[in-house]
1. Around VAL52, which amide H atoms from residues at least 5 apart in sequence, or from another chain, sit under 5 Å from its own amide H, with H modelled in the peptide plane?
2. Can you work out ³J(HN,Hα) from phi for every residue in region 37-54, in order, using Karplus 6.51 cos²θ - 1.76 cosθ + 1.60 and θ = phi - 60°, giving whole Hz and x for Gly and Pro?
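We did not get these values from a lab; they are worked out from the coordinates using the rules stated. Only a predicted model underlies this, so the values are computations on that prediction, with no experimental measurement involved.
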Amino acid sequence: MTQGYLRRQGLEPTDILLSELLWNKGYTSALISDTYHMHEPRMGFSRGFDYVQFIRGQEYDP
């Protein structure tokens, strides 16, 4: 069994995220993750969160 190269794609700017919907309603939320690609700005996963904490050194961490 082999696995080909998987290009990591982020979220599209037009994607509607639950965190954004809740933020628009006045909720406060946080993203805590040890996965590097969750914090890459081009991926867009941290959109809508008030607080973002990256725990370094768990996954490939450039």
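1. Hits under the 5 Å cutoff: LEU31.
2. The phi angles translate into 5, 5, 10, 5, x, 5, 7, x, 6, 8, 4, x, 8, 7, 10, 10, 10, 9 Hz.
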